[in-house]
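The values are calculated or read from the model by the stated rules, or taken from the named source; none is laboratory data. No experiment lies behind these values; they were computed from the predicted model shown. Every residue, glycine among them, receives a Cβ derived from its backbone with ideal geometry; neighbour counts consider all protein chains shown.
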């Protein structure tokens, strides 16, 4: 059954949707009781997708756990911009240890809670893509494999932003970073490298894996809350555009995230025990160039001349995602879907499963 | 209760009595028997603890960090490469002021890979901010664990209990295993200074810039200074409760009238004491000073213990290439205008430190004929031939393998 009966198509503002909903159906973010886990005053850049994603996700977890949550944070932007002591933006118990060990530290917190009989307290580990897909991968895989009772959230902005935009294992092909500069015959990041951690997480057959973006608040909130329905290892991978590293306009963060999904480059889905149980269908498909053009990290694909072969390879990757995850399955020009889409949470309609 | 028991097993049984709530386990020789035994106790239901089989030593210490910061008593054990692999988290636990207790079953560090005992591993972490206690016997190893939990939690600082790999971990010896009630009386429940708690949320592990970093580090040093006061108190209380001496800062042996004193750490002290007894029988005035607490470095206690002697031999179980001995440097700091000092590197990678070699070396030292830095029982011919090969050919090949080929013996031969 759907967890939300109605979901309005998002156009950049959730205000309209919320006004039309009953209070109990409104998003966590629009609620007067949202916990503001990451409260204002932090030092994230203007338009930071990670700050947004973290607050969206953790506020939803806070509601799901009735405020009984402990968070463990990997080193990275989120850690640095949130805790320039004596200021801290965290209104939750929060621990930062190292760059590569957040999943293991979270395991330790969960073990302590079990040892103390505090099963009501839930544990979230979180980090950026560098801390997750690269340096934290061994600890993450270990936490998955043991099925420790931890929700791990990766805020994926596709490079090491905190250190100045260096390539990570999550950096997409052709993207310019400080260590994959836009020079030479094949500017930007190489094709055929990197890793897809949501799929790696699924290969561990952990109870719940999901992807989300900051463009779809309700879907993100649903998935963060849904993750708390399970015990054991859970993984939530949230695409969080980084205006600084991507070279996008700070005001376009939501739009860029939406284009990532609408182009098929970032498939939004959820999976239980290693099997995809639902996807968020693409409502209005766009060519990848619509997405790429919003970001100067891809500027070399368009200037001085359009690199059509490279763009075609990126488009092919998007097309493959669309086929692989069935992202266009029920998009059959249904006129009723133009204004309001009843997708519910992904997975609510069995026909959407792949 | 007296038992004939393997050192690892004795430590495991004692650690269990200290009621750790979270135990992290990753196998590495020669530490493995300790966590195996603890795992079995948890699995059988004899010990109420969370036993986490982690994927690396880095994760082991990280899990311990998370558990300790959440108010749970956390324990792990490691050795050698494992200690180095967790190094970043070792420093982090100390920096966060988390009272994790860890056994280090001392073993050499590669390359060349070597599973046998020396102190290279623990010595490499001497500046990590952990209290380091070195056990002389299996009995002391288990006793030090009981004291370690108390010291760690009172100071909110992690403690490393170092016991020589194989020599203590695998030797079956007589040990007095305490009763649970005794340990419970000695190790009160963990009352954390800082804890992750949803009812009182705090941020732990924030970035600290130049405005306070020095002061935070100063406090780490202040905790260590406090430890120098606390450790002897805990040892004294231990003696009162358990009716035997264990722990403390230093342990002098026949030093009262000694002209020559040997300083050392760990199980080698037993052999050194035997050698000293034999030399005393010949009329030589020689004594031993065992360092039980190496970090914090008990400079005053050492200076007092060594004040009367004219000559020192520092027996080092680890090498700082290009310098010599790490303990020697610390001792020189404690005795800036002190006696003549000789550094003797001994027992690297499991090479036996024999009474015969010690007697010869100490006799030489007493005669003033020992150099400032000596490698005990060095096969100078073997090393010299490899140096010659390196001189003769640029591409002389891997030295370790060349020397084994030269010797014509298996790498696994001990002694």
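Taking region A:237-354 as the region of interest, the helices (runs of 4 or more DSSP H) fully inside it that hold 1 or more residues being within 30 Å of residue A:147 (Cα to Cα) and modelled with pLDDT of 95 or more are A:253-262, A:308-325.
Can you find even one residue in region B:121-128 that is within 14 Å of another protein chain (Cβ to nearest Cβ), crowded, with 18+ Cβ neighbours inside 10 Å, in contact with a helix residue (DSSP H, G or I) (Cβ under 9 Å, 6 or more places away or on another chain) and free of Cβ contacts under 8 Å to residues at least 60 places away in the same chain? Scanning region B:121-128, I find at least one residue that is within 14 Å of another protein chain (Cβ to nearest Cβ), crowded, with 18+ Cβ neighbours inside 10 Å, in contact with a helix residue (DSSP H, G or I) (Cβ under 9 Å, 6 or more places away or on another chain) and free of Cβ contacts under 8 Å to residues at least 60 places away in the same chain, so the answer is yes. Residues that are out of contact with any helix residue (DSSP H, G or I) (no Cβ under 6 Å at 6 or more places or on another chain), closer than 13 Å to residue B:272 by Cβ and surrounded by 22 or more Cβ atoms within 10 Å (Cβ to Cβ): does region B:314-325 have at least one? Yes, region B:314-325 contains at least one residue that is out of contact with any helix residue (DSSP H, G or I) (no Cβ under 6 Å at 6 or more places or on another chain), closer than 13 Å to residue B:272 by Cβ and surrounded by 22 or more Cβ atoms within 10 Å (Cβ to Cβ).
Candidates A:176, A:218: the one that is part of a helix (DSSP H, G or I) and either at pLDDT below 95 or in contact with a helix residue (DSSP H, G or I) (Cβ under 6 Å, 6 or more places away or on another chain) (or both) is A:218. Has region B:349-359 got any residue that is in contact (Cβ under 8 Å) with a residue 60 or more places away in the chain, touching a strand residue (DSSP E or B) at 6+ places or on another chain (Cβ under 7 Å) and surrounded by 15 or more Cβ atoms within 10 Å (Cβ to Cβ)? No, because not a single residue in region B:349-359 is in contact (Cβ under 8 Å) with a residue 60 or more places away in the chain, touching a strand residue (DSSP E or B) at 6+ places or on another chain (Cβ under 7 Å) and surrounded by 15 or more Cβ atoms within 10 Å (Cβ to Cβ). If the condition is being closer than 22 Å to residue B:144 by Cβ and either free of Cβ contacts under 8 Å to residues at least 60 places away in the same chain or more than 15 Å from the chain's Cα centre (by Cα) (or both), then region B:92-110 contributes B:93, B:94, B:97, B:98, B:99, B:100, B:102. Within region A:61-75, restricting attention to residues that are more than 7 Å from every other protein chain (Cβ to nearest Cβ), surrounded by fewer than 24 Cβ atoms within 10 Å (Cβ to Cβ) and out of contact with any helix residue (DSSP H, G or I) (no Cβ under 9 Å at 6 or more places or on another chain), the residue that is farthest from residue A:135 (Cα to Cα) is A:66.
Checked against (1) in contact (Cβ under 8 Å) with a residue 60 or more places away in the chain; (2) within 27 Å of residue B:27 (Cα to Cα), residue B:195 passes all but condition (2). Can you find, within region B:47-59, the residue that is nearest to residue A:113 (Cα to Cα) among those that are more than 8 Å from chain A (Cβ to nearest Cβ) and in contact with a strand residue (DSSP E or B) (Cβ under 6 Å, 6 or more places away or on another chain)? Looking at the filtered set, the residue picked out is B:51. Across region A:101-126, what is the number of residues that are facing chain B (nearest Cβ under 7 Å) and touching a helix residue (DSSP H, G or I) at 6+ places or on another chain (Cβ under 7 Å)? Qualifying residue count for the region: 10.
Look through region B:12-46, keep the residues that are within 11 Å of another protein chain (Cβ to nearest Cβ) and part of a loop (DSSP other than H, G, I, E, B), and return whichever of them is surrounded by the most Cβ atoms within 10 Å (Cβ to Cβ). Top of the filtered list is B:20. Among residues of region A:145-161 that are over 20 Å from residue A:212 (Cα atoms) and within 14 Å of another protein chain (Cβ to nearest Cβ), those with a beta-carbon under 9 Å from a residue that is assigned to a loop (DSSP other than H, G, I, E, B) and modelled with pLDDT under 95 at least six positions away or on a different chain give the pairs A:149/A:119. Filtering B:242, B:297 for residues that are touching a residue at least 40 places away in the same chain (Cβ under 8 Å), within 23 Å of residue B:146 (Cα to Cα) and touching a helix residue (DSSP H, G or I) at 6+ places or on another chain (Cβ under 7 Å) leaves a single hit, B:242.
Based on this model, can you work out whether residue B:337 counts as in a loop (DSSP other than H, G, I, E, B), in contact (Cβ under 8 Å) with a residue 24 or more places away in the chain and surrounded by fewer than 18 Cβ atoms within 10 Å (Cβ to Cβ)? No: the conditions fail for residue B:337. A single member of B:287, B:247 is assigned to a loop (DSSP other than H, G, I, E, B), touching a residue at least 24 places away in the same chain (Cβ under 8 Å), more than 14 Å from chain A (Cβ to nearest Cβ) and crowded, with 19+ Cβ neighbours inside 10 Å, and it is B:247. One residue alone among A:98, A:52, A:78 is over 23 Å from residue A:230 (Cα atoms), facing chain B (nearest Cβ under 8 Å), in contact with a helix residue (DSSP H, G or I) (Cβ under 8 Å, 6 or more places away or on another chain) and modelled with pLDDT of 95 or more, and that residue is A:98.
If we keep just the residues of region A:28-55 that are in contact with a strand residue (DSSP E or B) (Cβ under 8 Å, 6 or more places away or on another chain) and under 18 Å from residue A:129 (Cα atoms), which is surrounded by the most Cβ atoms within 10 Å (Cβ to Cβ)? Residue satisfying both the conditions and the ranking: A:53. Residues that are within 15 Å of residue B:19 (Cβ to Cβ), within 9 Å of another protein chain (Cβ to nearest Cβ) and surrounded by 24 or more Cβ atoms within 10 Å (Cβ to Cβ) within region B:65-92 comprise B:67, B:68, B:72, B:73, B:74, listed in sequence order. Quick one: residue B:395 ticks every box in (1) more than 30 Å from residue B:165 (Cβ to Cβ); (2) in the same structural domain as residue B:274 (by TED's automatic domain parsing) bar one, so which box is it? In the conditions (1) more than 30 Å from residue B:165 (Cβ to Cβ); (2) in the same structural domain as residue B:274 (by TED's automatic domain parsing), residue B:395 misses (2) alone. If you check residue A:138 against the conditions, is it facing chain B (nearest Cβ under 8 Å), under 21 Å from the mean Cα position of the chain (by Cα) and surrounded by fewer than 24 Cβ atoms within 10 Å (Cβ to Cβ)? Judged against the criteria, residue A:138 is a match. Pairs are defined by a Cβ separation below 7 Å, a sequence spacing of at least 6 or placement on different chains, a first member in region B:205-219 that is without any contact (Cβ under 8 Å) to a residue 24 or more places away in the chain and within 13 Å of another protein chain (Cβ to nearest Cβ), and a second member that is assigned to a helix (DSSP H, G or I) and surrounded by 14 or more Cβ atoms within 10 Å (Cβ to Cβ); the pairs so defined are B:207/A:80.
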